[in-house]
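Below: the structure, in structure tokens.
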Amino acid sequence: MAHDLTALKKHIFFELLGLAGRVYILVGYADDVLIGERGFLPEEKEKGLILVFNPKMNFEWNDEGISATLGFGTKTEKCFIPPDGIISIFSPELNAQFSASPPVRESTHKKPARKADISPSREKVIKVDFGKKS
């Protein structure tokens, strides 16, 4: 099923690019997403990074993902975006957007809390019933 989602993302990317002349992608922070030496800024690690592509740019989307040299201000950076790193593909000109939740990665799974993991202050929480008094 992941392959089907990758194919759909690629199809939508190129359709929007062909129709509007440019396409935007929202890329989520992950270890396998490379944004040259620049990397992700702290805010981008939380909210993601929007990249813009147009047909004149030199980029390639193969089975592994998108490889491109992108401009950030006056500097260019070699970038690689795997399909799983693409959270959204959109075109403001067409008022169209495709979004997919990023895959859950092993490192982001939280272990269930055990009693020993709960801070003492959380154990002393008082539950209040704000229901109507009889």
Considering residues of the range 94-109 that are within 21 Å of GLU15 (Cα to Cα) and open to solvent by 90 Å² or more (accessible area, probe 1.4 Å) only, the residue modelled with the lowest pLDDT: SER101
Of residues in the range 67-84 being within 17 Å of GLU44 (Cβ to Cβ) and in contact with an Asp or Glu (Cβ under 7 Å, 6 or more places away or on another chain), the one surrounded by the most Cβ atoms within 10 Å (Cβ to Cβ): LEU70
Residues of the range 36-66 that turn out to be part of a loop (DSSP other than H, G, I, E, B), over 18 Å from the mean Cα position of the chain (by Cα) and surrounded by 13 or more Cβ atoms within 10 Å (Cβ to Cβ), as a count: 1
Flag if THR69 is touching a Pro at 6+ places or on another chain (Cβ under 7 Å) and polar (S, T, N, Q): no
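Specify the residue that is farthest from TRP61 (Cα to Cα); the eligible residues are those in the range 1-16 that are aliphatic (A, V, I, L, M) and surrounded by fewer than 18 Cβ atoms within 10 Å (Cβ to Cβ).
MET1
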Subset tally (residues that are free of Cβ contacts under 8 Å to residues at least 40 places away in the same chain and either in contact with a Leu (Cβ under 9 Å, 6 or more places away or on another chain) or polar (S, T, N, Q) (or both)) for the range 18-47: 4
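The values are calculated or read from the model by the stated rules, or taken from the named source; none is laboratory data. Remember, predicted model here, so these are calculated numbers, not experimental data. Cβ sites come from the backbone with ideal geometry, for glycine too, and all protein chains shown count toward neighbours. Accessible surface areas use protein heavy atoms only, side chains included; no ligands, DNA or RNA. Shrake-Rupley method; radii C 1.70, N 1.55, O 1.52, S 1.80 Å.
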